[in-house]
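Asks: Below is a structure I'd like to ask you about.
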Amino acid sequence: MSYYSKIIGTGKGLPETIMTNKDFEAFVETSDEWIRTRTGIAQRHIANPEKGESTLSLARKAAQNALQMANIPAQEIELIIVGTVTPESVMPTTANSLQRDLGAVNAFSFDLQAACSGFLYGLSIADQYIRSGSLKTALVVGAETLSTLINWQDRSTCVLFGDAAGAAILTRTDNKSHAILSTRTYSDGTRGDLLKIPHGYAACPPWRADYRPSEHKIKMQGSEIFKLAVRNMCDASMKVLEDNQLKVEDVDFFIFHQANIRIIEMCAKTLNVPLNKTWLNVDKYGNTSAATLPICLDEAWRAGAIKSGDKVLMTTFGGGITWGATLVQM
Ligand code: ACO
């Protein structure tokens, strides 16, 4: 018998505090108009540690919502993957702490670093475990507090990001008409310099004399990333369609990584996808890295924009560089 993975629950977790474009005008030379026209972002949510908000708390909220939708106890989860570049701590991992908080006593858990592609990579790994028959139920989370890695003086990056988490629960099925059909994952380490965090880790730890806090922040070559994001998300999308002998028109709904409305529009135009077949929330949340895909999936599903049996194509691109696409029949 062949096994497949079915998505049975999704959820999101957002911090309470909203930071608008106007708020940035107080400390960098920018404007609401510039940010809106260049990125499509109007506001983003920012975690407040004083309110107990962190990568872990957001991941927990998203996972709890997903469990509720799936209507299963946490004890049924056998694998937890948290895609994040802003882990709560490196040891224990965010996933280990999430396992503890959820009481998912039968799961093994680990964090996965693939920047904005963290959720998609995680989905692909969980799907392989389930297809192989090794386990039945997995929780995949994308959770970030990128506000902790933002240089608030760098106007070209600080306006782009937000904090959030999204989650999905997969379970084994033998029914391919409600399952992940295929996933393609890619990376190109030769382009890693385009989006990086130079200091703060083993290459230059905080206790070294040459460590600079200003380098422990996101550095990005925006226009190069922009072009690669469009090309690679479109290529990956076409690959998963080819894998299933499907055409763009056969797909009911598209979810593009929410980094910039212009990237999304360019992808939609290249693939010939009408924007009313996509979910857009970059205006409300900014780029929440690994959290964008599961949040879109959750919102679109709960809103009824995605229905049972719909073919949904999700594609992402992130630092590293990493990218990929997946086709799911819900
Ligand atoms: N407010 C006002 N001016 C700004 C701002 C700002 N917030 N940021 C940059 N500028 C200025 C620049 O300094 C530059 O000024 P100059 O010409 O005097 O040097 C001018 O605007 C144009 O800058 P560009 O970088 O050419 O602007 P561009 O149109 O490329 O937009 C942006 C920049 C929004 C970063 C765009 O390149 C982009 O979105 N790239 C994709 C990057 C991204 O989304 N990365 C996220 C991670 S990867 C991913 O998730 C896909």
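The values are calculated or read from the model by the stated rules, or taken from the named source; none is laboratory data. None of these values were measured; they are calculated from a predicted model. Using ideal geometry, Cβ is built from the backbone for each residue, glycine included, and neighbour counts are taken over all protein chains shown. With ligands, DNA and RNA removed, areas are computed over all heavy atoms of the protein, side chains included. Shrake-Rupley method; radii C 1.70, N 1.55, O 1.52, S 1.80 Å.
Asks: If you go through region 116-147, how many residues are in contact (Cβ under 8 Å) with a residue 24 or more places away in the chain, open to solvent by 10 Å² or more (accessible area, probe 1.4 Å) and out of contact with any helix residue (DSSP H, G or I) (no Cβ under 6 Å at 6 or more places or on another chain)?
Replies: Counting residues in region 116-147 that are in contact (Cβ under 8 Å) with a residue 24 or more places away in the chain, open to solvent by 10 Å² or more (accessible area, probe 1.4 Å) and out of contact with any helix residue (DSSP H, G or I) (no Cβ under 6 Å at 6 or more places or on another chain) gives 9.
Asks: Kindly indicate the residue of region 289-329 that is crowded, with 22+ Cβ neighbours inside 10 Å and touching a His at 6+ places or on another chain (Cβ under 8 Å) and also nearest to Lys247 (Cα to Cα) among those meeting that condition.
Replies: Applying the filter and picking the extreme gives Thr315.
Asks: Could you check, for region 86-96, whether at least one of its residues is within 16 Å of the ligand (Cβ to nearest atom), touching a strand residue (DSSP E or B) at 6+ places or on another chain (Cβ under 8 Å), open to solvent by less than 30 Å² (accessible area, probe 1.4 Å) and touching a residue at least 40 places away in the same chain (Cβ under 8 Å)?
Replies: We begin by selecting, within region 86-96, every residue within 16 Å of the ligand (Cβ to nearest atom); these are 86.
After this cut, where a residue has to be touching a strand residue (DSSP E or B) at 6+ places or on another chain (Cβ under 8 Å) as well, the list is 86.
Still in the running and open to solvent by less than 30 Å² (accessible area, probe 1.4 Å): 86.
Applying the additional criterion that residues be touching a residue at least 40 places away in the same chain (Cβ under 8 Å) yields 86.
Checked against the condition, which is being within 16 Å of the ligand (Cβ to nearest atom), touching a strand residue (DSSP E or B) at 6+ places or on another chain (Cβ under 8 Å), open to solvent by less than 30 Å² (accessible area, probe 1.4 Å) and touching a residue at least 40 places away in the same chain (Cβ under 8 Å), region 86-96 yields at least one hit.
Asks: Continuing with the same structure: Can you tell me how many residues within region 37-71 are touching a residue at least 24 places away in the same chain (Cβ under 8 Å), open to solvent by 30 Å² or more (accessible area, probe 1.4 Å), part of a helix (DSSP H, G or I) and farther than 21 Å from Ser97 by Cβ? Can you show your working first?
Replies: Filtering region 37-71 for residues touching a residue at least 24 places away in the same chain (Cβ under 8 Å) gives 38-48, 51, 53-71.
Now narrow it down to the ones that are open to solvent by 30 Å² or more (accessible area, probe 1.4 Å): 38, 43, 48, 51, 60-61, 64-65, 68-69, 71.
Among the residues that remain, those that are also part of a helix (DSSP H, G or I) are: 38, 51, 60-61, 64-65, 68-69.
Those still in the list that are farther than 21 Å from Ser97 by Cβ too: 38, 69.
Of the residues in region 37-71, 2 are touching a residue at least 24 places away in the same chain (Cβ under 8 Å), open to solvent by 30 Å² or more (accessible area, probe 1.4 Å), part of a helix (DSSP H, G or I) and farther than 21 Å from Ser97 by Cβ.
Asks: Has region 261-272 got at least one residue that is within 24 Å of Arg172 (Cα to Cα) and surrounded by fewer than 24 Cβ atoms within 10 Å (Cβ to Cβ)? Show your work before the answer.
Replies: The initial filter retains those residues of region 261-272 that are within 24 Å of Arg172 (Cα to Cα), namely none.
Among the residues of region 261-272, not one is within 24 Å of Arg172 (Cα to Cα) and surrounded by fewer than 24 Cβ atoms within 10 Å (Cβ to Cβ), which makes the answer no.
Asks: Then there is this: Can you tell me which residues in region 9-29 are over 19 Å from Ile169 (Cβ atoms), away from the ligand (no atom under 13 Å from the Cβ) and charged (D, E, K, R)?
Replies: Residue satisfying the conditions is Glu16 alone.
Asks: State whether the residues of region 288-310 include one that is within 16 Å of the ligand (Cβ to nearest atom) and not in a helix (DSSP H, G or I).
Replies: To start, the set of residues in region 288-310 that are within 16 Å of the ligand (Cβ to nearest atom) comprises 288-296.
Within this subset, residues satisfying the condition of being not in a helix (DSSP H, G or I) are 288.
Checked region 288-310: at least one residue is within 16 Å of the ligand (Cβ to nearest atom) and not in a helix (DSSP H, G or I).
Asks: Moving to a separate point now. Can you tell me which residue in region 72-85 is nearest to Thr145 (Cα to Cα), limited to those that are buried (at least 22 other Cβ atoms within 10 Å of the Cβ) and of a type outside the set (S, T, N, Q)?
Replies: Applying the first criterion (buried (at least 22 other Cβ atoms within 10 Å of the Cβ)) to region 72-85 yields 77, 79-85.
If we keep only those that are of a type outside the set (S, T, N, Q) too, we end up with 77, 79-83, 85.
Details: Ile77: 25, Leu79: 23, Ile80: 19, Ile81: 17, Val82: 13, Gly83: 12, Val85: 9 Å.
Filtering first and then ranking leaves Val85.
Asks: List the residue pairs whose Cβ atoms are under 8 Å apart, where the first residue sits in region 152-167 and is within 21 Å of Thr30 (Cα to Cα) and in a strand (DSSP E or B), the second is small (Gly, Ala, Ser) and within 11 Å of the ligand (Cβ to nearest atom), and the two are 6 or more positions apart or on different chains.
Replies: Final answer for the pair search is Phe161/Gly286; Phe161/Ser289.
Asks: I would also like to ask the following. Look at region 1-36 and say how many of its residues are open to solvent by less than 20 Å² (accessible area, probe 1.4 Å) and part of a helix (DSSP H, G or I). Talk me through it step by step, then tell me what you get.
Replies: Taking region 1-36 as the starting set, the residues that turn out to be open to solvent by less than 20 Å² (accessible area, probe 1.4 Å) are 5, 7, 9-11, 13, 15, 21, 24, 28, 35.
Now narrow it down to the ones that are part of a helix (DSSP H, G or I): 21, 24, 35.
Residues meeting the conditions: 3.
Asks: Of these, Ala209, Ala229, which one is aliphatic (A, V, I, L, M), at pLDDT 95 or above and under 22 Å from the mean Cα position of the chain (by Cα)?
Replies: Values: Ala209 fails: under 22 Å from the mean Cα position of the chain (by Cα).
Going through Ala209, Ala229 in turn, just one is aliphatic (A, V, I, L, M), at pLDDT 95 or above and under 22 Å from the mean Cα position of the chain (by Cα): Ala229.
Asks: Something else: Within region 167-201, track down each residue that is more than 16 Å from the ligand (Cβ to nearest atom), under 21 Å from Ser289 (Cβ atoms) and open to solvent by 80 Å² or more (accessible area, probe 1.4 Å).
Replies: Within region 167-201, Tyr201 is the sole residue that qualifies.
Asks: I would also like to ask the following. I need a count of the residues in region 207-236 that are assigned to a helix (DSSP H, G or I) and either aliphatic (A, V, I, L, M) or within 15 Å of the ligand (Cβ to nearest atom) (or both). So that I can check it myself, show each step before the final result.
Replies: At the first step, the residues of region 207-236 found to be assigned to a helix (DSSP H, G or I) are 213-215, 222-236.
Now narrow it down to the ones that are either aliphatic (A, V, I, L, M) or within 15 Å of the ligand (Cβ to nearest atom) (or both): 222-236.
Number satisfying all stated conditions: 15.
Asks: Separate question: Please find, among Leu160, Leu181, Leu195, Leu146, the residue that is among the hydrophobic types (A, V, I, L, M, F, W, C) and touching a Leu at 6+ places or on another chain (Cβ under 8 Å).
Replies: Values: Leu160 fails: touching a Leu at 6+ places or on another chain (Cβ under 8 Å); Leu195 fails: touching a Leu at 6+ places or on another chain (Cβ under 8 Å); Leu146 fails: touching a Leu at 6+ places or on another chain (Cβ under 8 Å).
Just a single option satisfies the conditions, and that option is Leu181.
Asks: Which residues, taken from region 148-160, are open to solvent by 10 Å² or more (accessible area, probe 1.4 Å) and β-branched (Val, Ile, Thr)?
Replies: Residue satisfying the conditions is Thr148 alone.
Asks: Within the bounds of region 237-250, is there any residue that is within 16 Å of the ligand (Cβ to nearest atom) and either closer than 12 Å to Phe317 by Cα or touching a helix residue (DSSP H, G or I) at 6+ places or on another chain (Cβ under 7 Å) (or both)? Steps first, answer last, please.
Replies: First pass over region 237-250, keeping only residues within 16 Å of the ligand (Cβ to nearest atom): 237.
Narrowing further to those that are either closer than 12 Å to Phe317 by Cα or touching a helix residue (DSSP H, G or I) at 6+ places or on another chain (Cβ under 7 Å) (or both): 237.
Yes, because at least one residue in region 237-250 is within 16 Å of the ligand (Cβ to nearest atom) and either closer than 12 Å to Phe317 by Cα or touching a helix residue (DSSP H, G or I) at 6+ places or on another chain (Cβ under 7 Å) (or both).
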